[in-house]
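Computed from the coordinates by the stated procedures, all read-outs in this text should not be read as laboratory data. Computed from a predicted structure; not experimentally measured. FYI the Cβ positions are ideal-geometry reconstructions off the backbone, even for glycines, and counts take in every protein chain you see.
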Amino acid sequence: MDEENGQNLTKWRPTKAQERLLEIVLDPSNRMKSVKEICDLADVSRQTYYDAYRDENFVEYALLEAKKVAARYAVQVMGAFVNEAKRGSYQHGLVILDMAGMYAPKQRTELTGKDGGPISLQGILPKDEVEAQLRAMGLLPPAPEAEKDKEKPN
């Protein structure tokens, strides 16, 4: 058993037709071709094509081979992204920073209470303490009595 990918490669191997099909499918220059064109290039029938993609072993093998192809092009792709980022492409810059673990899109999380309603804070903290903390964080305007205290001369 191949421990790296979990597939038992000693028992399953692609047929010659599946090998030809996979070679054509994995060639990036064929990515926009139709099933008929792919079959013609691989010299296989459409039935062979569809049978192959119904075979779990073939699909697993094809995915592993696709990862190898992607790895071969990864350096070129990264170089292109860096060049575009240097030219000022904001999106390319974000992708590079994200891949380096230096950027994560902001996420907004909304919390709701029972049945999607507001969260009840009763019983957790007294209302005046909750309001004071929210005011301190700038989430509530100053208390009306605090405004009056500011206006009074000492």
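Some observations on this one:
- Between residue 99 and residue 41, the FRET efficiency from the beta-carbon distance, with R0 = 35 Å, is close to 0.55.
- Extension reserve of the residue 33-residue 137 stretch, reckoned as 0.36 nm per residue once the Cα distance is removed: 31.7 nm
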